[in-house]
Amino acid sequence: MARRQIVKIDEEKCNGCGVCVSPCVEGAITIENGKAKVKNEALCDGAGFCIGTCPQGALSVETREAPDFDESAVEEQVKQNPGSYLPQVCFNCGRNEDQVPVLPCRREGKSIWVCTKCLPALIHG
Ligand code: SF4
Ligand SMILES: [Zn+2]
């Protein structure tokens, strides 16, 4: 156990849409009984890439006592569920993160991913 950052899911706000599941590279989030759940806290590194994906604002990161992040548990999880992570795709050009870095972004109330090639045009108009 250690005091560290870890994802927090607000069940009142979560509608179980599942949008947060595939962007988690560690596969830490699953949907159970219509709500997002952390399947194993050792899988969550607290990086918070899921936060911007939630259209309901149900995700945040908190600091508390939690099991240590476990890289080998992540490797095992990914091996057992090879489809749990999907490379994210730029909303503008369609390139995925294997081709160019992509960033989570909010636009007009929606969670989108934008690549670093398209981002300057969004910033500068
Ligand atoms: S994206 Fe948000 S609302 Fe959708 S399942 Fe995940 S936590 Fe729940
Ligand atoms: Zn792009």
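A simple rule links phi to the HN-Hα coupling: the Karplus curve 6.51 cos²θ - 1.76 cosθ + 1.60 with θ = phi - 60°, which for segment 108-125 gives 6, x, 10, 8, 10, 10, 10, 8, 5, 6, 8, 4, x, 5, 5, 6, 9, x Hz, with x for Gly and Pro. Distance between Cα centroids, segment 61-117 to segment 1-43: provide it in whole Å. Distance between centres, Cα-based: 13 Å. On a per residue basis, the chain carries 59 Å² of accessible surface, using protein heavy atoms and a 1.4 Å probe.
Which order do Glu97, Glu108, Glu71 take when ranked by solvent-accessible area (1.4 Å probe, heavy atoms of all protein chains), largest first?
Glu108, Glu71, Glu97
Amide H to amide H distances under 5 Å link Ile29 with Lys39, where only residues 5 or more positions off or on other chains count and H is placed in the peptide plane. Of Arg106, Arg64, Arg4, Arg95, the residue with the largest accessible area leads and the full order is Arg106, Arg95, Arg64, Arg4 (1.4 Å probe). In order along segment 58-70, phi translates into HN-Hα couplings of 8, 10, 8, 10, 10, 10, 7, 5, 8, x, 4, 4, 10 Hz, rounded to whole numbers, per the Karplus curve 6.51 cos²θ - 1.76 cosθ + 1.60 with θ = phi - 60° and x for Gly and Pro.
Each residue was assigned an accessible area with a 1.4 Å probe, and for Leu103 the value is about 70 Å². Think of each Lys and Arg Cβ as +1 and each Asp and Glu Cβ as -1; about the Cα centre, that makes the dipole of the chain roughly 540 debye.
Couplings 3J(HN,Hα) of segment 30-47, computed from phi: 9, 9, 10, 6, x, 9, 6, 9, 7, 6, 7, 4, 5, 7, 8, 8, x, 5 Hz, in residue order, whole Hz [Karplus 6.51 cos²θ - 1.76 cosθ + 1.60, θ = phi - 60°; x for Gly and Pro]. Have a look at Phe49, Phe69, Phe91 and tell me which one the Gaussian network model of the chain (Cα, springs below 10 Å) gives the largest fluctuation. Evaluated over the chain, the most mobile residue of the options is Phe91.
A straight Cα-to-Cα reach below 16 Å connects Lys39 with the aspartates and glutamates Asp10, Glu11, Glu26, Asp68, Asp70, Glu71, Glu75, Glu76, residues fewer than 8 places away in its own chain not being considered. Beyond 26 Å in Cα-Cα separation lie the following of the pairs Lys35/Lys79; Lys35/Lys117; Lys79/Lys110; Lys8/Lys117: Lys35/Lys117; Lys79/Lys110; Lys8/Lys117.
Put +1 on the Cβ of every Lys and Arg and -1 on every Asp and Glu Cβ in the chain; which of Ile6, Cys50, Leu122 then has its Cα farthest towards the positive end of the dipole? So the residue furthest toward the plus end is Leu122.
Think of it as helices only: each DSSP H run of n ≥ 4 in the chain is worth -39500 (n - 2.57), and spread over all residues that comes to -3500 deg cm²/dmol at 222 nm. Here segment 1-79 exposes an accessible surface that is 48 percent carbon and sulfur, computed with a 1.4 Å probe and the other protein chains kept in place. Among Ile51, Ile6, Ile123, the order of accessible area from largest down is Ile123, Ile51, Ile6, computed with a 1.4 Å probe on protein heavy atoms. Close amide H partners of Lys8, meaning residues 5 or more places away or on another chain with modelled amide H under 5 Å apart, are Ser60, Val61, Glu62.
The values are calculated or read from the model by the stated rules, or taken from the named source; none is laboratory data. Because the structure is a prediction, the values reported are computed rather than measured. Positions of Cβ are backbone-derived with ideal geometry, glycine not excepted, and every protein chain shown enters the neighbour counts. Quick note on the areas: whole protein, heavy atoms, side chains included, nothing else; ligands and nucleic acids left out. Shrake-Rupley method; radii C 1.70, N 1.55, O 1.52, S 1.80 Å.
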